[in-house]
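Enquirer: The structure is given below, and queries will be raised subsequently.
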Amino acid sequence: MSTGTIYHHLDSLSQLIEQGKNKKYYLSDLGMHAYTSLKENIEIIESSKFSKGEFNSPLLKFLFALTPIKFISFEEKDKRYNTIISAVILIMGTILCGLNGFYSFLLFFIKTPEDIYRLPLISHVVFSIIFIVNFLIYFLLVEIFCRLFYRKKGNTFDFFLSFPIILYPMVIYLLIHFILLSTGLIQITYINFIDTVLLIFFQILSLWLLTYNLKVSKGLKIERGLIIALLLHYGSFTIVLFLSI
Amino acid sequence: MTPINYKEKALNILDFRLVGLVGSILLIVSEFLPWFSEFSLFDAYILYTITAVEESFIFLFPLISGIICLIASLLVISNLEYKINSVIITLIGLGFLSLFLVDFIPGELFYLSKAGIGFYLCIAGFMIMIINIMLILIAKE
């Protein structure tokens with residue numbers, strides 16, 4: 001490489017490097033920041049490299065259309081607005097879980113064996129409290145898994161603020177189920193089947209939102225986010241299975 | 001002349017993506033094999049439908065699950081680029097199966113020791129599909 005070419009490149013990097021007294025080139029403060037930033041965010045940069053075919057698939061396009069990106073990757077000025085939305089989702093989930101008589105366990109809902117119409121008020125309150133406790137446990141488990149497996153410690157508070165967003169599909173399911181329950185339509189076989197299919201669909205959507213949230217808030221690759229989401233989902237499934245036995 | 005590396009050759013043939021194919025075929029086959037009596041789940045579905053017992057559709061869930069998982073496996077076999085799509089489709093399939101298992105196993109708890117080959121193949125297929133998801137996610141393009 002000719003000296004002229006080297007000087008051309010040095011000139012391009014003039015804001016990032018500086019020459020020391022020994023005539024050697026070192027990173028300037030800005031260069032150091034740029035280097036650190038690149039090093040710390042390498043996974044975010046890599047994770048944005050979705051293959052074109054994958055990204056343009058109808059399934060992912062559909063999931064992205066249902067992803068409230070604005071509420072997951074919110075800016076500082078929108079924090080208050082985002083907090084209100086998250087609180088509304090949690091409150092709605094709490095009320096609906098109590099009304100439906102469900103024990104919630106991560107993304108699973110277990111029907112109470114007793115007659116829902118004859119349950120005392122205190123039982124409904126207990127179901128509601130379980131929903132909130134379940135939310136906190138779910139968040140803690142995801143956070144612990146991120147720290148243990150991928151050493152992602154940062155951005156915990158913002159992650160917590162956007163975490164209820166992943167439960168919005170489950171709140172919609174609880175609302176639909178409550179309407180079907182209160183109108184008695186749930187007793188019709190085909191409606192019951194649709195209710196089951198909706199539960200599966202909304203569970204998958206919630207898992208996708210969790211994965212996307214992990215990508216945005218924790219800088220994890222989509223694949224890694226999916227691994228955490230799946231480990232927790234099938235771990236909880238195993239526990240639900242044993243509890244139902 | 002370079003020696004043939006049989007280990008590498010075998011690994012190329014035994015692609016990890018075939019795991020998903022095996023798992024989904026096991027799920028489909030289990031539908032037509034005996035579970036807790038000489039009847040298969042498909043027989044049970046027909047029997048319950050004829051006698052107009054509600055929720056007979058749940059006996060078809062392993063079959064639905066197997067078909068969905070098979071589509072997901074074929075997708076990732078055709079092109080590894082679609083691995084996220086494949087994982088999400090597999091999740092939909094396993095969602096049906098997990099709801100079936102939660103609904104079905106507690107009712108048949110006392111007969112678990114007498115379970116037929118269909119039940120074991122279904123559980124094996126379910127576990128293989130979960131392993132398959134992990135293998136796909138860990139795999140590098």
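Rule-based calculations on the coordinates, nothing more; no lab input. Owing to the predicted nature of the structure, the values given are computational and were not obtained by experimental measurement. With ideal geometry, Cβ positions are generated from the backbone for all residues, glycine too; neighbour counts draw on all protein chains shown.
Enquirer: From the phi angles alone, apply the Karplus equation (6.51, -1.76, 1.60; θ = phi - 60°) to segment A:114-123 and give each ³J(HN,Hα) in whole Hz, x where the residue is Gly or Pro.
Expert: 7, 5, 4, 6, 10, 6, x, 4, 4, 5
Enquirer: Quickly rank A:10-19, B:78-87 as a protection proxy: mean count of other C-beta atoms within 10 Å, highest first. Show your work: numbers first, answer last.
Expert: Numbers: A:10-19: 11.8, B:78-87: 20.2.
In descending order of packing, they fall as B:78-87, A:10-19.
Enquirer: Additional query: Work from the charge dipole of segment A:123-245 (Cβ charges, +1 for Lys and Arg, -1 for Asp and Glu, about the Cα centre) and give the residue of A:Leu209, A:Gly154, A:Leu180 farthest towards its positive end.
Expert: Of the candidates, A:Gly154 comes out farthest on the positive side.
Enquirer: Dipole magnitude of the protein assembly as shown about its Cα centre, charges +1 at Lys/Arg Cβ and -1 at Asp/Glu Cβ only, in debye to the nearest 20? Each step should come with its number before you reach the end.
Expert: Numbers: 27 positive and 27 negative charges, 290 e Å.
So the dipole magnitude of the protein assembly as shown works out to roughly 1400 debye.
Enquirer: Continuing with this model, one more query. Return the Cα extents of segment B:16-138 along principal axes one, two and three, sorted largest first, each rounded to a whole Å.
Expert: For segment B:16-138, the Cα extents along the three principal axes come out at 46, 28, 20 Å.
Enquirer: So if I take the centroid of the Cα atoms in segment A:88-138 and the same for segment A:190-228, what is the distance between those two points in Å?
Expert: Segment A:88-138 and segment A:190-228 have Cα centres spaced 20 Å from each other.
Enquirer: What's the angle, to the nearest 10 degrees (0 to 90), between helix A:168-183's Cα axis and the longest principal axis of chain A?
Expert: Long axis of A:168-183 versus the principal axis of chain A: about 10 degrees.
Enquirer: Over 22 Å between C-alpha atoms is what I'm after, so list which of A:Lys111/B:Lys114; A:Lys61/A:Lys111; A:Lys61/B:Lys83 land there.
Expert: Working: A:Lys111/B:Lys114 28 Å; A:Lys61/A:Lys111 33 Å; A:Lys61/B:Lys83 15 Å.
Checking Cα-Cα distances, A:Lys111/B:Lys114; A:Lys61/A:Lys111 exceed 22 Å.
Enquirer: Over the Cα atoms of chain A, what radius of gyration and what Dmax do you get, in Å?
Expert: 24.0, 87
Enquirer: Find the relative contact order for segment B:16-138 and round it to a whole percent, using C-alpha pairs within less than 8 Å whose residues are 6+ positions apart.
Expert: Values: 171 pairs, mean separation 52.5, N = 123.
Normalised by residue count, the contact order of segment B:16-138 is 43 percent.
Enquirer: For a 21 Å ceiling on Cα separation, which of these pairs sit above it: A:Lys70/A:Lys215; A:Lys153/A:Lys215; A:Lys79/A:Lys221; A:Lys77/A:Lys153; A:Lys152/A:Lys215; A:Lys77/A:Lys221?
Expert: Values: A:Lys70/A:Lys215 14 Å; A:Lys153/A:Lys215 13 Å; A:Lys79/A:Lys221 24 Å; A:Lys77/A:Lys153 23 Å; A:Lys152/A:Lys215 11 Å; A:Lys77/A:Lys221 26 Å.
From A:Lys70/A:Lys215; A:Lys153/A:Lys215; A:Lys79/A:Lys221; A:Lys77/A:Lys153; A:Lys152/A:Lys215; A:Lys77/A:Lys221, over 21 Å: A:Lys79/A:Lys221; A:Lys77/A:Lys153; A:Lys77/A:Lys221.
Enquirer: Among B:Ile71, A:Gln15, A:Leu66, pick out the residue whose Cα is farthest towards the positive end of the charge dipole of the protein assembly as shown, where Lys and Arg carry +1 and Asp and Glu carry -1 on C-beta, about the Cα centre.
Expert: Of the candidates, A:Gln15 comes out farthest on the positive side.
Enquirer: Between the helical axis of B:18-30 and the dominant principal axis of chain B, each derived from Cα atoms, what acute angle in degrees is found, rounded to the nearest 10?
Expert: That helix lies at roughly 20 degrees to the long axis.
Enquirer: Dipole of the protein assembly as shown (Lys/Arg Cβ +1, Asp/Glu Cβ -1, origin at the Cα centre): which of A:Thr112, B:Phe61, A:His33 lies farthest to the positive side?
Expert: With unit charges placed on the Cβ atoms, the residue in question is A:His33.
Enquirer: Which residues in segment A:73-105 place their backbone N less than 12 Å from a point set 7 Å from the Cα of A:Val133 along the Cα-to-Cβ direction?
Expert: Once the point is set 7 Å along Cα→Cβ of A:Val133, A:103-105 turn out to lie under 12 Å by backbone N, inside segment A:73-105.
Enquirer: Restricting to Cα pairs below 8 Å that are 6+ residues apart, what does the relative contact order work out to for segment A:82-141? Please round to a whole percent. Intermediate results must be reported in sequence, preceding the final value.
Expert: Working: 51 pairs, mean separation 23.5, N = 60.
RCO, segment A:82-141: 39 percent.
Enquirer: With a 10 Å Cβ neighbour count serving as the proxy for reagent exposure, in which order, fewest first, do A:Leu230, A:Leu27, B:Leu60, B:Leu91 appear? Intermediate values should be presented prior to the final figure.
Expert: Numbers: A:Leu230 21, A:Leu27 15, B:Leu60 18, B:Leu91 25.
Final ranking by Cβ density, sparse to dense: A:Leu27, B:Leu60, A:Leu230, B:Leu91.
Enquirer: Report the full-extension gain for the segment A:Leu13 to A:Thr36: residue separation times 0.36 nm, less the Cα-Cα distance, to one decimal in nm.
Expert: Values: separation 23, 0.36 × 23 = 8.28 nm, distance 1.62 nm.
Length gained between A:Leu13 and A:Thr36: 6.7 nm.
Enquirer: For A:Ala87 and B:Ala139, what is the calculated FRET efficiency with R₀ set at 35 Å and r taken between the beta-carbons, to the nearest 0.05?
Expert: On the way: r = 40 Å, r/R0 = 1.14.
With R0 = 35 Å, the Cβ-Cβ based efficiency is 0.30.
Enquirer: Next question. Calculated FRET efficiency, B:Phe16 and A:Leu148, Cβ-Cβ r, R0 22 Å, to nearest 0.05?
Expert: On the way: r = 25 Å, r/R0 = 1.15.
For R0 = 22 Å, the calculated efficiency reads 0.30.
Enquirer: Can you give the charge dipole size of segment A:49-244 about its Cα centre, rounded to the nearest 20 debye, using +1 on the beta carbon of Lys and Arg and -1 on the beta carbon of Asp and Glu? If you can, show how the numbers build up before the last one.
Expert: Numbers: 17 positive and 10 negative charges, 164 e Å.
Computed charge dipole of segment A:49-244: roughly 780 debye.
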